[in-house]
1. Once fully extended, how much extra length lies between Ala184 and Phe155, figured as 0.36 nm per residue of separation less the alpha-carbon to alpha-carbon distance?
2. Of Phe67, Gly268, Leu135, which is farthest along the charge dipole of the chain in the positive direction, counting Lys and Arg as +1 and Asp and Glu as -1 at C-beta?
3. May I have the count of lysine pairs in the chain with C-alpha atoms under 21 Å apart, counting pairs 8 or more residues apart or located on different chains?
4. For Rg/Rh (Cα atoms, Kirkwood Rh), which listed value, (1) 1.04; (2) 0.99; (3) 0.93, comes from the coordinates shown?
5. How far is helix 246-255 tilted, in degrees, relative to the longest principal axis of the Cα atoms in the chain, given as a value from 0 to 90 rounded to the nearest 10?
6. Return a whole-number percent for the relative contact order of the chain, with Cα pairs under 8 Å and 6 or more residues apart as the contact set.
7. Mind giving me the FRET efficiency for Gln225 and Glu192? R0 is 51 Å, r the Cβ-Cβ distance, nearest 0.05 is fine.
8. What FRET efficiency comes out for Asn266 versus Asp61 if R0 is 30 angstrom and r is the Cβ-Cβ distance? Round to the nearest 0.05.
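Values in this text are rule-based calculations from the coordinates and carry no lab data. For clarity, every value in this text was computed on a predicted model and none was experimentally measured. Backbone-built Cβ (ideal geometry, glycine too); neighbour counts: all protein chains shown.
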Amino acid sequence: MAPFIPWNSQPLDAWADKYAQGQFVDLAGRRTHYIEQGAGEPVLLLHGFFYDAYIWAANIDALAEHFKVYALDLWGFGYSTRAPLDYGYPLYAEQVLRFMDHLGLERASLVGQSLGGGTAISFCVGHRSRVNKLLLVDPAGLPNPLPFTEKIFNFPHVGEFLMGLNTNAIRRKTLGDYWIHTRALITDRYFENVTRFQKINQTTEALLAVLRKRFFDTLSQEIQQLGQMDVPILLVWGRQDKAVPLRLGQEMHRILPGSRLEILDNAGHVPNYECAAAFNQLAVDFLVSSQ
């Protein structure tokens, strides 16, 4: 058995050279890693908290058959820059804008899960002319009390201690408790691929900084504004989502006139993985439609 590699221990550049599968672009001195695939109209994929671009591994091939797909690692995640930043939706909306400007993308459709969904909402409200469609997968944004386990990680020093333990148990339990409904889908290979970037030095600091900013559920006003805009929106929700429960999806659907809500059974917070085939069909149909 290979020796355990401690969390938060590996140099970013060396780990990226070994495992990053995409390209890198410098945006105002901050490096962004992204995977580019396919051809056609541009679609940007924005991952949620705890994940990086790997969250779309079961979806990117299907989408790339129809579109030019860009799967970004948000700052602090994946193989993108690690630095003390003012984490929040404004920062990530800025990253999306700078990315689109750098690549010369005048408009794109945004697909965002959880934190990435909140980022897509924030970006669209601020830059409506740059967005074709929004596909929001269990997006964060509406008021949503922190679960007890997440509160524990916000206690000073406690989060650092727990995330620094030389074990997979903490992260694996978190995936099963809040992200993935069918625990059998948390295979050893899936777990390794999902959490590999968390071996990079300063990742723990970045993850805890994001958690402790408590901004995930602060988009009530922006969601109201989005509801007044003419933009095609598809909401996809896992029926068993424990992190952002379905009732919030139903509330968001109510606030966003003309939006469509699709509920996937036997799926939690990452239905694009647990129900990949169904999600891919929904996504392609929505994104290629003339609506």
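1. Gain on stretching Ala184 to Phe155: 7.4 nm.
2. Of the listed residues, the answer is Gly268.
3. Lysine pairs meeting the criterion: 8.
4. Read-out taken from this structure: (3).
5. Approximately 30 degrees, to the nearest ten.
6. About 22 percent, as a whole number.
7. Rounded to the nearest 0.05, the efficiency is 0.80.
8. With a Förster radius of 30 Å, E is 0.85.
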